[in-house]
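Visitor: I'd like to ask you about the structure that follows.
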Amino acid sequence: MTSGVAGTDLHAALVRLRRVTGLPVAFGGLVEPCRPQLRISELSGTATPALRSLAVTSGNGLGGKAVALSRPCAVTDYSSSRQISHEYDVPVATEGLRSVLAVPVVVRRRVRGVLYGALRTAQPLGDRTLHAAVEAARDVEQSLVAAEEARSLLASAPAPASGTRTEATATRERMREAHTALRALAPRITDPELREELLRACGLLAPDGPDGPDGPAAPGAVDLAPREVDVLTWVAAGATNAAAADRLGLRPETVKSYLRSAMRKLGARTRGEAVAAARRAGVLP
């Protein structure tokens, strides 16, 4: 999953970078595990395959410098710049690139990839372009973090306990914490396929059928909107409307509206009844 998801997010970030800045070319790749180099895997706007699969060693060229320094780097004329080494002049010249910037994708203080933007003319790349590239790199960073946290939560989710009631209760609480964390991660993921996959993983943590921990399932399907489930998830975790709004990036009034709608669909009169009904319906773990 990692390489496919990462590639999708990288490509989406490169397309956005070109659209926002007007740069004709953007490309990038991830640092290879346990190796001091990144490999260019995604191209947008290129005219040749010269850069595809290019391995860039830390410290070499513009991208390697960005990896080594863990900060954005730019040159106005790549082939003649004295600020970088020139191991990759041939593929860069083959593509006809002159002004180039490289922005690292940094996750937990470790460079995980680099996004490049480039012009085919030698002219300075302004602050607006640099800012857009940094924002694109941050989008990729957040997606990588979200994917890693989701995998960690799923890997650590325990199997249903077959022991004592205390063990079963502890297991349910851990599953509910994992469900809440996954729902919180979903809005941060820009790739729609990964976001949908994460929400499906949330569904795996919810009880299924009449043997759920809160009693028999409610009759009939409950058609809750995704945001209604998000709000109920935070209500179940003990959050106030204001705290849920802060977590979800919504106004408190909007959270109240979603909660009222969910309560009406669930036939609940209180917040607690809504959470219990959602659990009986298999919407919440």
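Visitor: Just the residues that are surrounded by fewer than 19 Cβ atoms within 10 Å (Cβ to Cβ) and either in contact with a Cys (Cβ under 8 Å, 6 or more places away or on another chain) or of a type in the set (D, E, K, R) (or both), please, taken from region 83-94.
Guide: Gln83, Glu87, Asp89
Visitor: Examine region 89-101 for a residue that is within 18 Å of Leu10 (Cα to Cα) and in contact with a strand residue (DSSP E or B) (Cβ under 7 Å, 6 or more places away or on another chain), and state whether such a residue exists.
Guide: Within region 89-101, one or more residues are within 18 Å of Leu10 (Cα to Cα) and in contact with a strand residue (DSSP E or B) (Cβ under 7 Å, 6 or more places away or on another chain).
Visitor: Can you report the number of residues in region 16-40 which are within 18 Å of Thr94 (Cβ to Cβ) and surrounded by fewer than 21 Cβ atoms within 10 Å (Cβ to Cβ)?
Guide: 2
Visitor: Go through region 41-57 residue by residue and tally those that are of a type in the set (D, E, K, R) and within 19 Å of Asp89 (Cβ to Cβ).
Guide: 1
Visitor: Here's something else I'd like to know. Go through region 268-278 and give me each residue that's touching a residue at least 24 places away in the same chain (Cβ under 8 Å) and more than 14 Å from Trp234 (Cβ to Cβ).
Guide: Ala276, Ala277
Visitor: Among the numbered conditions (1) in contact (Cβ under 8 Å) with a residue 40 or more places away in the chain; (2) more than 24 Å from the chain's Cα centre (by Cα), tell me where Ala55 comes up short.
Guide: Of (1) in contact (Cβ under 8 Å) with a residue 40 or more places away in the chain; (2) more than 24 Å from the chain's Cα centre (by Cα), only one is false for Ala55: (1).
FYI, it's all coordinate maths here, none of it is from the lab. Remember, it's a predicted structure, so these values are computed and weren't measured experimentally. Positions of Cβ are generated from backbone atoms using ideal geometry, with glycine treated the same way; all protein chains shown enter the neighbour counts.
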